[in-house]
Amino acid sequence: MSGSLSPGVLSIALTGGIGSGKTAVADIFYQLGKDQGLKLIDSDQIARHLLQGSIYHSPSQALLKVKELFGDELFEPDTGELNRAILRKKLFNSPENKTQLEALLHPLVYQSIFEQLETYRKQNNIHIVITSIPLFFETAYQTERSQYFDRILVVDIPEDIQLQRSIKRDHCSKELIQQIIDSQIDRNTRLKRADDIIDNSGTLQQLKSRVNELYKFYQKLAGRQ
Ligand code: ATP
């Protein structure tokens, strides 16, 4: 990949399927690098943040658009806050609703990621930025958005472990996780497109050791070693 962020900042897109271990990987990187100029950006957290607040008090652009798209019934009548359970139901029952919401949110999420990256780029003490983007291949690969990233890091696990860990974490049915896996890009394509791969089929200790190795590699790429 050819990144354009800056020679002094290595920008990495961290991706992988549901329950593959992106959060675990990001946490380990953070522990290793937080005192040496490593920053994390979390696209899920940005998306959640965009939908916070009330439609009654200076609502965000995203909240207003959601209201426009799905109507008032998605909002608590007393507080004006988004009822995420009703939203989830609406999305679950209609792929069309899901596509519409994604079309609305993704540009705003990327805009926020790029602003954050630009801010970090201007700070001399920041050398590596890891942005967790679960749907990177579905939303950014080979588009202008990918210019902001020097490397694509994929966290990979076989589907049986993916199901097992996701069911355990989310306390939900196998069918639901399977449905999400099937809606995401397939494992082989993800692996083929990766610059770096973390196999997370082993223990957390093994994961730590792999991330450690990769961190040293990234430090070299960022000119820090
Ligand atoms: P999502 O895309 O759904 O947010 P994720 O890719 O961020 O998921 P995690 O939440 O990091 O995945 O991991 C999924 C679950 O698997 C978590 O409960 C996590 O603690 C567990 N887990 C991650 N790596 C390992 C491992 N090597 N051994 C055992 N459990 C693991």
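The values are calculated or read from the model by the stated rules, or taken from the named source; none is laboratory data. Treat the numbers as computed from the prediction; the structure is a model and nothing was measured. Positions of Cβ are generated from backbone atoms using ideal geometry, with glycine treated the same way; all protein chains shown enter the neighbour counts. Surface accessibility is based on the protein's heavy atoms, side chains included, excluding ligands, DNA and RNA. Shrake-Rupley method; radii C 1.70, N 1.55, O 1.52, S 1.80 Å.
Remark: C-alpha extents of region 1-120 on the principal axes read 47, 31, 27 Å, sorted largest to smallest.
Here is how the number arises for the chain: DSSP H runs of 4 or more residues each give -39500 (n - 2.57), the sum is divided by the residue count, and the result at 222 nm is -16000 deg cm²/dmol.
Using the Kirkwood radius over Cα pairs, work out the Stokes-Einstein diffusion coefficient for region 71-155 at 37 °C and 0.692 mPa s, in µm²/s as a whole number. Show your work: numbers first, answer last.
Numbers: Rh = 15.5 Å.
Diffusion coefficient, whole number: 212 µm²/s.
Computed from backbone phi with θ = phi - 60° and the Karplus coefficients 6.51, -1.76 and 1.60, the 3J(HN,Hα) list for region 40-51 is 10, 10, 10, 5, 5, 5, 4, 4, 5, 4, 4, 9 Hz; x is used for glycine and proline. Considering only 225, 180, 99, and ranking their Cα positions along the charge dipole of region 95-225 that arises from unit charges at the beta-carbon of Lys, Arg, Asp and Glu, the one farthest toward the positive end is 225.
Assuming charge only on the beta carbon of Lys and Arg (+1) and of Asp and Glu (-1), the dipole of region 23-85 about its Cα centre is about 280 debye to the nearest 20.
Note on region 59-101: the alpha carbon radius of gyration divided by the globular reference 2.2 N^0.38 Å gives 1.09. Within the shell defined by Cβ-Cβ distances under 9 Å, the residues around residue 54 carry a net charge of -2, with Lys and Arg each +1 and Asp and Glu each -1. Rolling a 1.4 Å probe over the protein chains gives residue 183 an accessible area of about 80 Å².
Taking a straight Cα-Cα cut-off under 17 Å and skipping sequence neighbours fewer than 8 places away in the same chain, the aspartates and glutamates within cross-link reach of residue 67 are 76, 78, 81, 96, 102. For region 6-38, the residues whose amide N sits under 14 Å from a probe point set 7 Å from the Cα of residue 212 along the beta carbon direction are 28-29, 31-33.
For the chain, what relative contact order do you get, as a whole percent, if you take Cα pairs closer than 8 Å and at least 6 residues apart? All intermediate terms of the calculation are to be shown ahead of the outcome.
Numbers: 306 pairs, mean separation 85.7, N = 225.
That works out to 38 percent.
Relative to the dominant Cα principal axis of the chain, helix 95-121 is inclined by about 40°. Applying the Karplus relation 6.51 cos²θ - 1.76 cosθ + 1.60 with θ = phi - 60° to region 13-19 yields 3J(HN,Hα) values of 8, 9, 9, x, x, 4, x Hz, where x marks Gly and Pro. All distinct Cα pairs of the chain go into the 1/r average, and the inverse of that average, the Kirkwood radius, is 18.8 Å.
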